[in-house]
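This report refers to the structure that appears directly beneath it.
Every read-out reported here was derived from the displayed coordinates using simple, explicitly stated rules and does not represent laboratory data. None of these values were measured; they are calculated from a predicted model. Don't worry about glycine lacking a Cβ; one is built from the backbone with ideal geometry, like all the others, and counts go over all protein chains shown.
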Amino acid sequence: MKKLIALLLATGFQSVAYASVEANIDYLEMKTSSHIKKLLIAENIGRGNVELTIEPMRLGASDGKGIEITDSAGRSIFFSIDDGHSAIIWDNAVVASTNSFPVYVGGKYRFFLNITDSAIKVNRVTENGMVSMFEYNKVLTPPLDYKLVTQRSGARFHNVLITTY
C-alpha cells in the first residue's frame, strides 16, 4: 500500500498503474574497492519507475553511488549521490544536480525516478513526503538496462524496486 501511495504521489495522481515488477531487491551491499563496480539488476525492459534507498559506506571526491540506465542505442545516464553534489544526473557531464541536502556516511537517502518518453524526473522521498529535485529532458529508447553502481567507495542499497507501465 505504501508503494502505491508513493507511486500516486510521484506521478501526480495520474491513473498510471505499473504493469510489472522488473526488479525487487530488499538489500544489497557493494563493498568499497579501488575501481567502479556495476551490477546489472534488470535488462531489456520498458520505461517506468525506479525507487531506491542509497546508504553510503564511505565518501570521497567523485565517488558516486546510484543507478545507471542504458538504452537500446547504448546511451547511458547515471543518477547518483556523492559528496560533491547531493544528487546528480551524469550524461558525459553533470546535466542536472542539487545540493539541497547533505550526504553523510550511513545516511539513508530514498529516491523515486520516473522515466518517461521525454524525460527523467527525480524526486527525493523524505519523512515529510515527496520532494521534486530535478528533471532532465532526455529520450532513452527502450529496451532499457539498469545497473547499480558504486565508484570506489561502497554503498548499501535498500528497497530497490523497478516497475514498468
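Convex hull of alpha carbon positions in the chain: directionally averaged projected area 8.8 nm². Run the paramagnetic zone check for ASN99: 7 angstrom along Cα to Cβ, then residues of segment 133-148 with backbone nitrogen under 17 Å. It comes to 134, nothing else.
Each 5 Å bin from zero up to the one holding the largest Cα-Cα distance in segment 119-165 carries the following percent of pairs: 5, 12, 17, 24, 26, 14, 3.
Ignoring everything except DSSP H segments at least 4 long, calculate the 222 nm mean residue ellipticity for the chain; use -39,500 (n - 2.57) per segment, divide by total residues, nearest 500. Using -39500 (n - 2.57) per qualifying helix, the result is -1500 deg cm²/dmol. Among residues other than ALA87 with Cβ under 12 Å from its Cβ, the summed charge is +1 (Lys and Arg +1, Asp and Glu -1).
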